[in-house]
Amino acid sequence: MLTEKQIQDISNDVTLVNDLSDDDLVEFCNIANQRYRAGSPIITDENYDFIFISELVKRLPNHPFLKQVETEIEGFSEEKIRLPEKMLSTDKAYTWFEVEKWLERISKFSDEITFSLDDIVIKGTAKLDGFAGYDDGVKLYTRGDGNKGSDISRVFERGLGILNDSERGQGPGEIVVKRSYFESHLSSHFEYPRNFQASLIKEKELDHFANDAINAKAALFVPFKQLPFWQGSIKEFSNQFAEIVVELEHGVDFDIDGVVFEVVNPDLKIHMGSNRKFHRWQIAYKENKEKAQVRVISITSQVGRTGKITPVAELEPTQLSGATIYRATGHHYGLVKEQGLGAGSIVELTRSGMVIPKINKVLKKAKVEIPSNCPSCDSDLAWDSDFLMCPNVNFCPDQVIGKMIYFFKILANNDGFGQATIKKLYENGIRQVSDIYLLEIDHIMEMGFGEKTSKNLIEQLNRSRQESIEDWRFLAAFGVQRLGMGNCENLLKNYSIGEIFELTAEDISSIDGFAELTADQIFEGLASIKEQYQALIKDGFELEKTPLKNDKNFSDNPFQNKKIVFTGAMSHSRSDLEKQAKMLGISVAKSVSSKTDFLIIGENVGQSKMNDAKKHSIEIMTESEYLKKLNT
């Protein structure tokens with residue numbers, strides 16, 4: 001049996017999960033779950049799922065702990081009462097692949113009762129991270145073991161409100177506290193919202209924190225029926241999955257633990273039924289931030305296009321998110337020194353979905369070795385704050401290759417000029433992008449490319465010149481420090497692309513959004529690419545000019561300097577509408593906030609953005625109303 005010190009050591013990463021016996025791992029998972037349910041979590045929910053439960057599934061996939069409903073440990077003395085309906089746990093998915101498997105099961109069950117896939121409706125809501133309960137209008141029950149719970153109706157007698165001031169008796173929901181209220185009023189007194197939420201339902205008299213939150217209507221019972229939701233067909237669900245998840249996650253002011261999706265159709269739900277732990281017609285998607293504790297074999301260095309030296313940890317092969325991970329970035333050498341990252345370190349590794357894995361923290365330090373020379377050109381390295389840099393900007397092979405790769409990546413209007421092609425061109429004397437555009441088929445074939453590949457590369461170069469491209473994107477492709485796409489667009493709203501190379505640092509700093517230090521870096525960067533820009537532009541690129549702020553078309557529209565958000569299915573291309581708006585001096589955002597001026601809606605609009613717009617008193621107009629007003 002684990003002692004309290006052993007439990008603390010495991011919680012604080014003093015004892016690593018790899019060092020636990022199977023029995024100790026099961027016991028710790030049980031204890032962590034009990035304390036979480038009691039409102040006194042000893043580890044984060046993320047660590048519980050992605051380190052300990054993940055390790056238990058790997059070792060003992062059929063252990064009974066994984067098959068049972070996670071019981072609410074309330075510490076109440078009341079007799080347990082049978083719930084009006086079962087409140088089971090929710091099956092979890094961490095990847096789109098697992099969600100697809102759920103959809104396949106739905107399809108299988110629908111075939112069994114000859115239910116058309118086209119008629120199936122999927123509903124999605126945020127998965128709240130509170131205390132689950134069931135309100136039948138007379139009593140409020142805790143979830144308990146899913147079959148029996150405790151009567152905690154006293155919370156309503158104490159004044160606990162219901163979301164949207166709605167009525168009692170709406171069935172399942174959760175007792176939660178608003179995230180914004182917790183951060184502003186409670187975070188200095190309680191480590192987690194769950195610590196505070198536990199105080200709302202205990203038998204003892206409420207303290208002033210709980211009373212204040214209830215009076216402010218910040219502590220609430222939230223019936224799931226009252227949550228903002230998305231609803232649509234399986235096809236719409238599959239096509240818009242990522243957007244739906246983001247919209248639902250940002251649609252509530254409560255701590256959440258993922259997104260819940262369920263089948264709406266009653267007949268199909270009944271047929272799908274449940275097992276001992278889950279309803280088969282329901283699944284919770286949690287963003288896959290899988291974690292593991294991994295040993296570092298060695299640290300190698302990579303050189304980026306800006307000369308920054310990035311430490312890369314070579315790892316013992318580890319399975320994460322369905323892939324075998326061999327390496328992860330160490331971010332920068334300042335962190336390597338600070339955290340003790342070296343051969344023999346034990347690190348906590350995170351990988352979200354298909355994103356490159358990263359080192360979350362170093363659990364066990366090792367001897368650190370800092371390189372003194374560039375691994376690409378052997379130049380002496382220099383420190384710039386926390387970053388180790390190679391100063392050989394123009395002749396370091398990795399930097400030169402990186403800049404050329406970056407140009408074609410940002411230009412994004414041709415294929416074929418990836419890393420392998422650029423490296424081969426470099427090996428044959430090519431040092432800058434303008435040299436690439438001077439190549440002919442014979443030159444490329446002499447470098448060892450086949451005739452068909454050579455012809456295709458020339459066609460791609462010609463296409464990139466002839467296809468229209470925004471001038472701000474073309475400028476951004478040169479990779480000037482502090483001149484990303486957004487800053488390029490801002491710069492070119494004030495000066496034409498032909499004028500920017502004559503600007504002083506003072507001219508740049510006078511533009512809204514450019515600080516003095518940024519302006520100095522941009523000034524130096526523009527000077528460094530001027531020759532390349534002129535060499536490329538003289539033979540022609542079809543650039544779409546960004547309208548200047550003093551242009552009549554830019555200023556004469558009712559939405560100028562307003563912030564708008566497009567949502568829903570539009571009759572015109574969404575990207576074309578956004579592009580047109582930007583050309584007219586309209587600020588386009590992806591999400592609704594208090595700073596949004598207009599929400600432009602199409603068909604099948606998500607409820608979250610509509611709710612946010614109403615909350616902030618934002619004007620809502622249809623696509624046709626917007627276009628009519630724009631063209632007035």
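The values are calculated or read from the model by the stated rules, or taken from the named source; none is laboratory data. What you see is a predicted model, and the numbers here were worked out from it, not measured in a lab. As a convention, Cβ positions derive from the backbone with ideal geometry for all residues, glycine included, and neighbour counts pool all protein chains shown.
Can you list the strands (runs of 3 or more DSSP E) found entirely within the stretch 243-334 that contain at least 1 residues being within 15 Å of Ile359 (Cβ to Cβ) and at pLDDT 85 or above?
Output list reads 289-303, 309-320, 323-329.
Within the stretch 221-237, is there a residue that is assigned to a loop (DSSP other than H, G, I, E, B) and surrounded by fewer than 19 Cβ atoms within 10 Å (Cβ to Cβ)?
Pass one, the stretch 221-237, residues assigned to a loop (DSSP other than H, G, I, E, B): 227-228.
After this cut, where a residue has to be surrounded by fewer than 19 Cβ atoms within 10 Å (Cβ to Cβ) as well, the list is none.
No: zero hits.
State whether one or more residues within the stretch 124-145 are surrounded by fewer than 20 Cβ atoms within 10 Å (Cβ to Cβ), at pLDDT 90 or above, outside the structural domain of Tyr36 (by TED's automatic domain parsing) and among the charged types (D, E, K, R).
yes
Are any of the residues in the stretch 514-524 part of a helix (DSSP H, G or I), among the hydroxyl-bearing types (Ser, Thr, Tyr) and touching a residue at least 24 places away in the same chain (Cβ under 8 Å)? Working first, answer last.
As a first pass, look at the stretch 514-524 and keep what is part of a helix (DSSP H, G or I): 516-524.
Retained after the next criterion (residues that are among the hydroxyl-bearing types (Ser, Thr, Tyr)): 518.
With the extra rule that they be touching a residue at least 24 places away in the same chain (Cβ under 8 Å), the set shrinks to 518.
Within the stretch 514-524, one or more residues are part of a helix (DSSP H, G or I), among the hydroxyl-bearing types (Ser, Thr, Tyr) and touching a residue at least 24 places away in the same chain (Cβ under 8 Å).
Which members of the stretch 553-609 meet the condition of being in a loop (DSSP other than H, G, I, E, B), surrounded by 14 or more Cβ atoms within 10 Å (Cβ to Cβ) and among the charged types (D, E, K, R)?
Passing the criteria: Lys562, Asp597.
For the stretch 380-416, how many residues meet the condition of being assigned to a loop (DSSP other than H, G, I, E, B) and at pLDDT below 90? Break it down into steps so the answer makes sense when it comes.
Start the filter on the stretch 380-416 by keeping residues that are assigned to a loop (DSSP other than H, G, I, E, B), which leaves 381, 385-386, 390-396, 412-416.
From the residues that got through so far, the ones that are at pLDDT below 90 too are 385-386, 412-416.
So the count comes out to 7.
Condition first: farther than 25 Å from Pro84 by Cα and in contact with a Lys or Arg (Cβ under 6 Å, 6 or more places away or on another chain). Can you find one or more residues in the stretch 161-175 that meet it? Break it down stepwise before answering.
First, pick out the residues of the stretch 161-175 that are farther than 25 Å from Pro84 by Cα: none.
Scanning the stretch 161-175 turns up no residue that is farther than 25 Å from Pro84 by Cα and in contact with a Lys or Arg (Cβ under 6 Å, 6 or more places away or on another chain).
State whether one or more residues within the stretch 534-544 are closer than 25 Å to Arg473 by Cα, surrounded by 13 or more Cβ atoms within 10 Å (Cβ to Cβ) and free of Cβ contacts under 8 Å to residues at least 40 places away in the same chain.
From the stretch 534-544, those closer than 25 Å to Arg473 by Cα are 534-544; that's our starting set.
Pick out the ones that are also surrounded by 13 or more Cβ atoms within 10 Å (Cβ to Cβ) and you get 535-537, 541, 543-544.
Add one more test, that the residue is free of Cβ contacts under 8 Å to residues at least 40 places away in the same chain, and what stays is 537.
There is at least one residue in the stretch 534-544 that is closer than 25 Å to Arg473 by Cα, surrounded by 13 or more Cβ atoms within 10 Å (Cβ to Cβ) and free of Cβ contacts under 8 Å to residues at least 40 places away in the same chain.
Among the numbered criteria (1) part of a strand (DSSP E or B); (2) out of contact with any strand residue (DSSP E or B) (no Cβ under 6 Å at 6 or more places or on another chain), which single criterion is violated by Gly448?
So the condition that Gly448 fails would be (1).
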